[in-house]
Structure formats: C-alpha cells, structure tokens
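Notes follow the structure.
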Amino acid sequence: MRKFWMTAVMMTVAAAGAQTIGVTTDSGPDAVSKGAKTASVTQTVNLKLPEATALHLDATTLTFDISQIGNQDGTWYCAYGVGNGQDQSSQLGADFWNQTQVYPLGTNYSLGNEWGKITVNAGQKVTQYPPIVVPANGEVDNASKAYFVCYRAFIIQKFSNVGNFKLSVSRDNPTNGMGRQMMYIQDNPCSTFGGATGLYKLDPGAARELIPQRMTSGTTGARAAGTTGKTQADLGGGTNVCRKYTSWLDDLVVIAVVVDGDKAGDNNATLTYTLESSATPFVIADSDAKN
C-alpha cells in the first residue's frame, strides 16, 4: 500500500504541468569583468527559507472497540499480561528525559521487518469480553478473568527546519469518571534506539517527551536523508526503513490500553502532540514531561 501511495504521489507531481519562466535581470548591480584571456564574476545563490514547524496526523481517532474483540483485524491486538500480570517499570537516563519505561502488564513490543508493523510480545490472545476462558472440561481458569492490554500503532509525520526539534504528548484530565483508562505510549522515529521496547505510562493530565534527546538535533529533512535507504541493521539494530525523498520524518507511535474496571460507553481520552523547534539544542530543563 505504501509503495502504491508513493507511486501515486509521484505520478501526481509529474503530471502537475510545466511552467515557462523568464531570465532574472533585476537582482542588484551588474557584475562586469574584463581580461585579455580570462574574466570572472561572482554570483550568490540564496535559498531563503522561512522557519517552519509542522505535524501530520492521519489517525485522529484511534478506537479500541472491545465489543469487536473477537474480530481483531490485524490493526489491533489484545492479550493477557505475562509474569505476574502487573506493570514492570524501569528508570531511564537523561537521553530519555529521565522518564520511566513501563511494560504494560509485563508486555512489550518489537519493531517488525516492515516499517509500520510491530510484534506484540504478550500472553494469550483475548477474544472475549468480559475476559474468560472455558476449556473443554468446563472448569474455568480464574486467571483468564485477568486484566488485559490492547495495542495499536500509527504514523505521525513531523517537519522542522530550525535546527533542533522535540515531540511531546499531553493527555486531558476528564473528571466525569469516563476516559480515565490506563494508557501507555511510545514513539519510534525512523531511526533506531533499541529492540523490544516498553512504553511511557500516560495518566490523565500527564505529559511525556516522545523522542530521545540525541535524536532532537538537526532538521527532520537531514534525519530523513540520513536514514533513507538504510536498514536499522545498518544503523545498529532492527530492520525498518524510512521513506525516500522527503523532508518529513516518519514516527511510528504505539499506544497500549489496559482494560480493567472502566465504565461501559465511550471512554474518550484526548491526546495533544506538540512539535517544538529551536535554534539551540534542547536540554533536560526544556522537558515538558509531567505526571
């Protein structure tokens, strides 16, 4: 699908038409040089760009429809936890803005061989709600009534040409008892920073920094060009690749939701993604993360 989309875009650009332009003559004083056998003049070619920061999010609504849990279609996956079925957390360092990594119910995910796909590393798939497994002998295993976690992934694209950039996400804090589900998030720029990964827990009212500090330098175009045509194996691990010929940088974002004691109905959580650009490098003090 991605190859088709890129081909269609290129065809559209190619079919956009041609335009005749004239010569430029009013760019300042003329340059004249004379010599017996050589003459030289100097020209400045100025590509003048305005500062620009932009985000493109196609998946403005991300639905976990648990009424359809028996019909998971390959774009979402629900499963029990592993181990004791509880969150596992570990403190990260300055490169990750001193945030805490969490494995929801002990689960994690791995980046797939194709950009945009992930492998969820979890317990048994959940296909019934409320969760329960009735084996052939009719003796229900109470462990099958446990909480479970559902994963989805999507791509957000960012553009920044100022010199440094960072991406954060914040969550609203509803007070009506709805939309307060346990939620986790992780962002994977089209570069690499590890294998199987946990996520950041995103409680109501919280905010998280989504990309490591070392990946905030440069422009998005420079980063896209630096990884285009290379696999993550070339860069240190994994197998994902970036799109070619773009100044927009793809990020694969993963969201996990734990289903436990939430009330029936639409539990809507509003997430706001913010891309900031700066002429100077970002430091820990610039973090927008909060609990």
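Scanning segment 205-254 for residues that are at pLDDT 70 or above, assigned to a loop (DSSP other than H, G, I, E, B) and under 28 Å from Arg171 (Cβ atoms) turns up Gly205, Ala206, Leu210, Ile211, Pro212, Thr216, Trp248. Exactly one residue out of Gln101, Gln91 is surrounded by 13 or more Cβ atoms within 10 Å (Cβ to Cβ) and not acidic (Asp, Glu), and it is Gln101.
Within segment 148-162, if we keep just the residues that are open to solvent by 10 Å² or more (accessible area, probe 1.4 Å), part of a strand (DSSP E or B) and of a type outside the set (A, V, I, L, M, F, W, C), the residue that is farthest from Thr216 (Cα to Cα) turns out to be Arg152. Pairs are defined by a Cβ separation below 8 Å, a sequence spacing of at least 6 or placement on different chains, a first member in segment 60-88 that is free of Cβ contacts under 8 Å to residues at least 60 places away in the same chain and under 16 Å from Pro131 (Cβ atoms), and a second member that is open to solvent by less than 50 Å² (accessible area, probe 1.4 Å) and assigned to a loop (DSSP other than H, G, I, E, B); the pairs so defined are Val82/Thr107; Val82/Ala122; Val82/Gly123.
Being part of a loop (DSSP other than H, G, I, E, B) and more than 30 Å from Pro189 (Cβ to Cβ) is a description that applies to Ile132. Screening segment 189-204 for residues that are part of a strand (DSSP E or B) and open to solvent by 10 Å² or more (accessible area, probe 1.4 Å) and picking the one that is modelled with the lowest pLDDT gives Thr197.
Residues checked against (1) out of contact with any Lys or Arg (no Cβ under 6 Å at 6 or more places or on another chain); (2) farther than 21 Å from Asp65 by Cβ; (3) modelled with pLDDT of 95 or more:
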site	(1), (2), (3)
Glu114	yes, yes, no
Ala122	yes, no, yes
Tyr129	yes, no, yes
Ile132	no, no, no
Glu139	yes, yes, no
Phe154	yes, no, yes
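Table: residues versus (1) under 30 Å from Ala225 (Cβ atoms); (2) touching a Ser or Thr at 6+ places or on another chain (Cβ under 9 Å); (3) of a type in the set (A, V, I, L, M, F, W, C).
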{"residue": "Gly74", "(1), (2), (3)": "no, no, no"}
{"residue": "Val102", "(1), (2), (3)": "no, yes, yes"}
{"residue": "Leu111", "(1), (2), (3)": "yes, yes, yes"}
{"residue": "Ile118", "(1), (2), (3)": "yes, yes, yes"}
{"residue": "Val126", "(1), (2), (3)": "no, yes, yes"}
{"residue": "Asp141", "(1), (2), (3)": "no, no, no"}
{"residue": "Asn161", "(1), (2), (3)": "yes, yes, no"}
{"residue": "Asn164", "(1), (2), (3)": "yes, yes, no"}
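How about segment 23-79: which of its residues are under 17 Å from Val257 (Cβ atoms) and not in a loop (DSSP other than H, G, I, E, B)? Ile66, Ser67, Gln68, Ile69, Trp76, Tyr77, Cys78, Ala79 - these are the residues of segment 23-79 that are under 17 Å from Val257 (Cβ atoms) and not in a loop (DSSP other than H, G, I, E, B).
The values are calculated or read from the model by the stated rules, or taken from the named source; none is laboratory data. A quick note: this is a predicted structure, and the numbers were derived from the prediction, not measured. Neighbour counts are summed over all protein chains in view; Cβ atoms, including those assigned to glycine, are modelled from backbone coordinates with ideal geometry. SASA here: full protein model, heavy atoms, side chains in, ligands and nucleic acids out. Shrake-Rupley method; radii C 1.70, N 1.55, O 1.52, S 1.80 Å.
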